[in-house]
């Protein structure tokens, strides 16, 4: 049994931390809004007032937060997790979708404090996290990955090792940027069909069986057809914009073509600026109807 500090108790973090508890690990959790961790506390987790307190004597610290700023807050500073006294060779595992420059900077901070840093963004919806069926995109040394693998196993069905620290995040940003492009394109396709007088349920059913179908296109087209952007929000428009932006930033940093990425960023920027940031990302279909 290991002592695990979990930083972040959003929908993804809740499921991941619960998996660690089910595997028999001792879990201490920190969340900026403590009430969001109540479910974990009821199940036996210990709630900490600061990331540093949560990380004290931990064998591994896992972060699952919204963005670069939230990641900085939980890792750095006097109350940050990296300031804690931890077990020798403890792992700092960042599972959040954050920018590659910040991942590389954070890795330097963690290494300087004696941690073994694991770049470990994930893919999967909250229910997938709760079932322990995530896929992990890892950037780490081979030795560090093999050492941490037993701790990661309760979270996932697949671990893909992309190479050194930063490579896991680079892949995740590529994947999510492609997802953003597909979501924006799906909304455009449905709006074209709608304005052409086509029956949208038939369009969505046929599209899901077509050569243009992908898991993203199928799921998003059905959610857009349902039209409820306020319930069961797995991913907000604000988070989609963040992922699109940092994906485009990666493309620009490596001088890659990203015309479609920039277009998707513009569409989701408009969606957030219209006041829909906390709604489901599928609200983009309504933006195109305005």
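The values are calculated or read from the model by the stated rules, or taken from the named source; none is laboratory data. Small disclaimer: the values here were computed from a predicted structure and weren't measured. Glycine gets a Cβ as well: all are built from the backbone with ideal geometry, and neighbour counts include every protein chain shown.
Consider the range 152-184. How many of its residues are in contact with a helix residue (DSSP H, G or I) (Cβ under 8 Å, 6 or more places away or on another chain) and over 21 Å from residue 255 (Cα atoms)?
The qualifying residues number 8.
Please work out if residue 52 is within 18 Å of the chain's Cα centre (by Cα), over 30 Å from residue 216 (Cα atoms) and in contact (Cβ under 8 Å) with a residue 24 or more places away in the chain. Before the answer, list the steps.
On the way: within 18 Å of the chain's Cα centre (by Cα): no; over 30 Å from residue 216 (Cα atoms): yes; in contact (Cβ under 8 Å) with a residue 24 or more places away in the chain: yes.
Against the criterion (within 18 Å of the chain's Cα centre (by Cα), over 30 Å from residue 216 (Cα atoms) and in contact (Cβ under 8 Å) with a residue 24 or more places away in the chain), residue 52 does not qualify.
Go through the range 271-286 and give me each residue that's in a helix (DSSP H, G or I) and either closer than 22 Å to residue 226 by Cβ or in contact (Cβ under 8 Å) with a residue 24 or more places away in the chain (or both).
271, 272, 274, 275, 276, 281, 282, 283, 284, 285, 286
Considering 289, 245, which residue is touching a helix residue (DSSP H, G or I) at 6+ places or on another chain (Cβ under 7 Å), in a loop (DSSP other than H, G, I, E, B) and surrounded by fewer than 24 Cβ atoms within 10 Å (Cβ to Cβ)?
None of the other options fit; the residue is 289.
Does residue 16 satisfy being assigned to a helix (DSSP H, G or I), closer than 20 Å to residue 169 by Cβ and in contact with a helix residue (DSSP H, G or I) (Cβ under 9 Å, 6 or more places away or on another chain)?
yes
Quick check: anything in the range 113-122 assigned to a helix (DSSP H, G or I) and either farther than 22 Å from residue 40 by Cα or modelled with pLDDT of 95 or more (or both)? It would help to see each step written out before you state the result.
Step one: list which residues in the range 113-122 are assigned to a helix (DSSP H, G or I), which gives none.
No, because not a single residue in the range 113-122 is assigned to a helix (DSSP H, G or I) and either farther than 22 Å from residue 40 by Cα or modelled with pLDDT of 95 or more (or both).
Out of the range 55-94, which residues are in a helix (DSSP H, G or I) and in contact (Cβ under 8 Å) with a residue 12 or more places away in the chain?
Selection gives 55, 68, 70, 71, 72, 73, 74, 75, 81, 82, 83.
For residue 94, work out the one condition from (1) within 20 Å of residue 142 (Cα to Cα); (2) at pLDDT 95 or above; (3) surrounded by fewer than 19 Cβ atoms within 10 Å (Cβ to Cβ) it doesn't fulfil.
The number of the failed condition is (3).
For residue 154, only one of the following conditions fails: (1) touching a residue at least 60 places away in the same chain (Cβ under 8 Å); (2) touching a strand residue (DSSP E or B) at 6+ places or on another chain (Cβ under 9 Å); (3) over 19 Å from residue 266 (Cβ atoms). What is its number?
Evaluating residue 154 over (1) touching a residue at least 60 places away in the same chain (Cβ under 8 Å); (2) touching a strand residue (DSSP E or B) at 6+ places or on another chain (Cβ under 9 Å); (3) over 19 Å from residue 266 (Cβ atoms) leaves (2) as the failure.
Only one residue in 178, 223, 260, 190 is surrounded by 13 or more Cβ atoms within 10 Å (Cβ to Cβ), out of contact with any strand residue (DSSP E or B) (no Cβ under 6 Å at 6 or more places or on another chain), without any contact (Cβ under 8 Å) to a residue 40 or more places away in the chain and part of a helix (DSSP H, G or I), so which one is that?
178 is the lone residue from the list that is surrounded by 13 or more Cβ atoms within 10 Å (Cβ to Cβ), out of contact with any strand residue (DSSP E or B) (no Cβ under 6 Å at 6 or more places or on another chain), without any contact (Cβ under 8 Å) to a residue 40 or more places away in the chain and part of a helix (DSSP H, G or I).
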